[in-house]
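The values are calculated or read from the model by the stated rules, or taken from the named source; none is laboratory data. Please read all numbers here as calculations on a predicted model, not as lab measurements. Cβ coordinates were reconstructed from backbone atoms using ideal geometry, including for glycine residues, and neighbour counts include every protein chain displayed.
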Amino acid sequence: MSERVDEHADDVDAEADADVDADGDGGHRDALEMLTSILQNQGVLQSQNQMQQPRQVSTSPDAAAKIGQMMEQLKMAERASAGGGDREKKHHAFWDTQPMLINSDDSNEKSKKSIAGINNNCDGAITDDTNRHGPIIPDKDPSELRQEPYNMPKGFEWSEVDITDPSQLAEVYDLLYQNYVEDDGCMFRFDYSPQFLTWALTPPGYVRGFHLGVRSSKSHRLMAFITGVPATVRVHSSTREMVEVNYLCVHKRLRSKRLAPVLIKEITRRVNHTGVFQAVYTAGVVLPGHVASCRYYHRTIDARKLVEIGFTRLHPRMTMARMQKLYKLPGTTSLPTLRPMTPADVPAAHALVVKYLEKFKLSVVFSEDEFAHWLLPREGVVSSFVNVTRRGGGDGGEEEITDFCSYYHLHSSVLGNPKHTKLHAAYSFYNVANTVDLTELMRDCLILAKNEGHDVFNALNLMENDKFLTDLKFGMGDGNLQYYVYNWLCPTMEHGDIGLVLL
Ligand SMILES: CCCCCCCCCCCCCC(=O)SCCNC(=O)CCNC(=O)[C@H](O)C(C)(C)COP(=O)(O)OP(=O)(O)OC[C@H]1O[C@@H](n2cnc3c(N)ncnc32)[C@H](O)[C@@H]1OP(=O)(O)O
């Protein structure tokens, strides 16, 4: 397995080098070569793919800091080469027509013109003026909006999916199970459980018309899907009603036929008709208009299984026994007052988390109902814990919720492995450490996730997660996750400015 991974890494390296040569940019190439050589020397390089389905590149936590520095150097070289002005930018037939901010590294004339073309009503041209905040296209009156659905290609039709109907939920599950996000090496595919999908798609105020499917007219089979769920989101100092868009999926047999843009336009039309004109979404692919770029990190829990499935590998001079020892966790948590969140905890925990999220530039603003929906524990879906501190001392003191941690459960299918079919992953969700050290709280979170049977604990480097990743032996993943805000102009952000986790 590890040999196959190495072969793949070589292919990807060759492609990456070819791209860099085409740019004719020495700085970029040097940084990439240096990074590649460090990774190879560490024996940690698996691939350099850009995907949303995360996989670990590093088995050595010590390497993470060095790699982080090299990534920064690579980014600087990329920025320098973008500033050179002679770099050919990627043309996006669809996205270049959408109201997205123009990132400074893709502000070529072509995309400026096409954005300006759709933006006649906007008070001011869309430039990379980083000080403007606000809608790119102003809100419209319902009478100004397109009334009829976008046309489907012949043989297909729109279908609103009733996710509360078990048979329709099963259809969505099957479509995603077989066709949703995979890593570039086709080794893993997300497996969102039906319970998870129910949770993800039915928050307070959800709109059935935003669970949008495409069916074959003949067989009635579900062939494509996209969803939006309502959320209040703050970007810098503006708080807007938005939708979180997710689960965009086109059946493998219908790929590359420009169906995705039709799905996106139709969900946009439906959302606009409810008076909402902004959306947030994340993607592994780099599209025009990202506001921030985050990276996945992975904390090995079951070392043997992760090696056996090729998620990570033993680097030279590491034995399985040593690796297992390196990642061994205690059997029980260290904070005696950490316990699962209950409905009675919701008001206090809600106040704690909402206050904490105010410090980030992009964050969700939960109502109490939404908080209860997203954070109350659901078996096999989401786990949340509160840490309580007694004020006034002794057993008679009043209990106060001072700290909070949570993760959601998202499995992946392991493709074509003779021994394993599922990778059980916990994903860091929202965490607040007021009276305890964040690293200590997250170490307990790892122990809780291990005791719930997870093989790996994943975290993005958003919020304050940078503070614990190295100490808790997380390894850097091989894909970035881009954050986008549809139809919103604002300065871009660093990964640590993001206070929003999408599923
Ligand atoms: C106000 C309300 C607004 C609401 C809407 C807000 C926007 C929401 C946006 C959606 C947020 C979704 C968040 C998630 O769910 S991210 C998860 C995305 N899903 C997957 O990766 C699952 C596996 N892949 C597939 O099912 C297909 O490959 C998809 C469906 C992704 C594309 O299908 P296909 O491969 O058959 O391609 P096409 O020929 O139909 O279309 C090609 C065009 O599609 C652009 N493309 C490719 N991937 C993505 C992507 N992940 N986000 C946005 N656009 C994407 C691509 O750049 C090209 O445009 P352009 O480069 O030519 O311009």
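Let's see how each residue does on (1) surrounded by fewer than 18 Cβ atoms within 10 Å (Cβ to Cβ); (2) within 23 Å of the chain's Cα centre (by Cα):
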{"site": "D174", "(1), (2)": "yes, yes"}
{"site": "S193", "(1), (2)": "yes, yes"}
{"site": "W199", "(1), (2)": "no, yes"}
{"site": "R208", "(1), (2)": "yes, no"}
{"site": "A231", "(1), (2)": "no, yes"}
{"site": "R234", "(1), (2)": "no, yes"}
{"site": "V243", "(1), (2)": "no, yes"}
{"site": "Y247", "(1), (2)": "no, yes"}
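Selection of the stretch 151-172 for residues being under 22 Å from Y206 (Cα atoms) and in contact with a strand residue (DSSP E or B) (Cβ under 9 Å, 6 or more places away or on another chain) yields W158, S159, E160, V161, D162, I163, Q168, E171, V172.
The numbered conditions (1) touching a Leu at 6+ places or on another chain (Cβ under 9 Å); (2) within 25 Å of W95 (Cβ to Cβ) are all true for I447 except (2).
Could you grab me the full set of residues in the stretch 250-287 that are under 18 Å from the mean Cα position of the chain (by Cα) and more than 8 Å from the ligand (Cβ to nearest atom)? Selection gives V280, V286. Only residues that are over 17 Å from R215 (Cα atoms) and near the ligand (Cβ under 6 Å from one of its atoms) were counted in the stretch 231-249, giving 3. With respect to the conditions (1) in a helix (DSSP H, G or I); (2) free of Cβ contacts under 8 Å to residues at least 40 places away in the same chain; (3) farther than 14 Å from I163 by Cβ, S256 falls short on a single one, namely (1). Of all residues in the stretch 303-329, those satisfying the criterion of being β-branched (V, I, T) and either surrounded by 17 or more Cβ atoms within 10 Å (Cβ to Cβ) or in contact with a Phe, Trp or Tyr (Cβ under 6 Å, 6 or more places away or on another chain) (or both) are V307, I309, T312. Applying the set (1) out of contact with any Leu (no Cβ under 7 Å at 6 or more places or on another chain); (2) within 13 Å of F404 (Cα to Cα) to K328 leaves exactly one unmet item: (2).
So that you can scan it fast, the table gives a plain yes or no per residue for (1) of a type outside the set (A, V, I, L, M, F, W, C); (2) more than 30 Å from L423 (Cα to Cα); (3) touching a Cys at 6+ places or on another chain (Cβ under 7 Å):
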site: D141; (1), (2), (3): yes, yes, no
site: L145; (1), (2), (3): no, yes, no
site: P166; (1), (2), (3): yes, no, no
site: P194; (1), (2), (3): yes, no, no
site: L201; (1), (2), (3): no, no, no
site: R208; (1), (2), (3): yes, yes, no
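Of the numbered criteria (1) within 20 Å of H424 (Cβ to Cβ); (2) not assigned by TED's automatic domain parsing to the domain that holds A425, the one K328 fails is (2).
Scanning the stretch 195-230 for residues that are closer than 16 Å to C249 by Cα and either away from the ligand (no atom under 15 Å from the Cβ) or assigned by TED's automatic domain parsing to the domain that holds V365 (or both) yields a total of 3. Pairs meeting the criteria (first residue in the stretch 168-186 and assigned by TED's automatic domain parsing to the domain that holds I226, second residue of a type in the set (D, E) and more than 12 Å from the ligand (Cβ to nearest atom), beta carbons under 7 Å, at least 6 apart or on different chains) are Q168/D162; Y177/D191.
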